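Values in this text are rule-based calculations from the coordinates and carry no lab data. Just so we're clear, the structure is a prediction, and the values are computed from it rather than from any experiment. Glycine gets a Cβ as well: all are built from the backbone with ideal geometry, and neighbour counts include every protein chain shown.
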Amino acid sequence: MLPIHTTAPEFELLDQNGEPRRLSDYRGQKVILYFYPRDMTSGCTKQACSFRDLMPRFREKGAVILGVSRDSVASHKKFEEAHGLPFPLLSDPDLRVIQAYDVWKEKMSFGKPSMGVVRSTYLIDENGIIVKALDKVKPADHPAQMLGNL
């Protein structure tokens, strides 16, 4: 994880509609930048749907939500449509942003080590400074936890 009180790395990634999104587009707003392993898996679906369900409360607090995974733009579009997700899902197939935010790690899968995205979230303030960094979060509980940090 990147240290808090540092500037969040700038990026540009395509969202589920093929539109470029930059972190700097959200200056003046709080950003919840969450990294997740894969579209349509049970944990990632629980997490995304929990963010969706709490979206009005995040908006009230002036926060936007951005989800990032290695999945393709097309996969993100299917995920968005299947679950009515009202926030951008950013595609990072080359791992540039995932690695810049230090969430590409060795994990154990069925007793074997493999590299993958560790479910992690950064809270970035209106000036682009990291104010909270959490890793290995629980998918269903994590959105409410982030709401409490705003």
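Give, as a single signed number, the net charge of other residues whose beta carbon lies under 13 Å from the beta carbon of Phe11, with Lys and Arg counted +1 and Asp and Glu -1.
That sum, taken over residues with Cβ under 13 Å, equals -3.
Report P(r) for the stretch 74-149: all Cα-Cα distances, bin width 10 Å, range 0 to the bin holding the largest distance, values in whole percent.
Binned Cα distances yield the sequence 15, 37, 42, 6, 0.
So what's the gap between the Cα centers of the stretch 109-125 and the stretch 31-91, to the nearest angstrom?
Taking the Cα centre of the stretch 31-91 as reference, the centre of the stretch 109-125 is 16 Å away.
Count charges around Arg96 for me, please; just the other residues with Cβ under 15 Å from its Cβ, Lys/Arg as +1, Asp/Glu as -1. Please report the intermediate quantities before stating the final value.
Numbers: positive: Arg21, Arg22, Arg70; negative: Glu10, Glu12, Asp71, Asp92, Asp94, Asp102.
It works out to a net charge of -3.
Let a ≥ b ≥ c be the square roots of the eigenvalues of the Cα gyration tensor of the stretch 1-69; is it rounded (a/c under 1.5), or, if not, prolate (a/b larger than b/c) or oblate? Spell out each step's value before the answer.
On the way: a/c = 1.44, a/b = 1.24, b/c = 1.17.
Rounded is the answer for the stretch 1-69, as its axis ratio a/c remains below 1.5.
Arrange Glu126, Glu19 by Cβ neighbour counts within 10 Å, fewest through most, would you? Can you show the working numbers first?
Details: Glu126 14, Glu19 10.
Neighbour counts put them in this order, fewest first: Glu19, Glu126.
Counting Lys +1, Arg +1, Asp -1, Glu -1, what net charge surrounds Ser109 among other residues with beta carbon under 14 Å of its beta carbon?
Numbers: positive: Arg38, Lys105, Lys107, Lys112, Arg119; negative: Glu106.
Combined, the nearby Lys, Arg, Asp and Glu give +4.
Under 10 Å, Cα contacts only: if you run a Gaussian network model on the chain, which one of Val103, Val131, Val31 comes out with the highest mean-square fluctuation?
Val131
Which of the lysines could be linked to Lys132 by a straight reach, that is with a Cα gap under 28 Å, when you skip same-chain ones fewer than 8 residues away?
Filter leaves Lys30, Lys46, Lys61, Lys105, Lys107.
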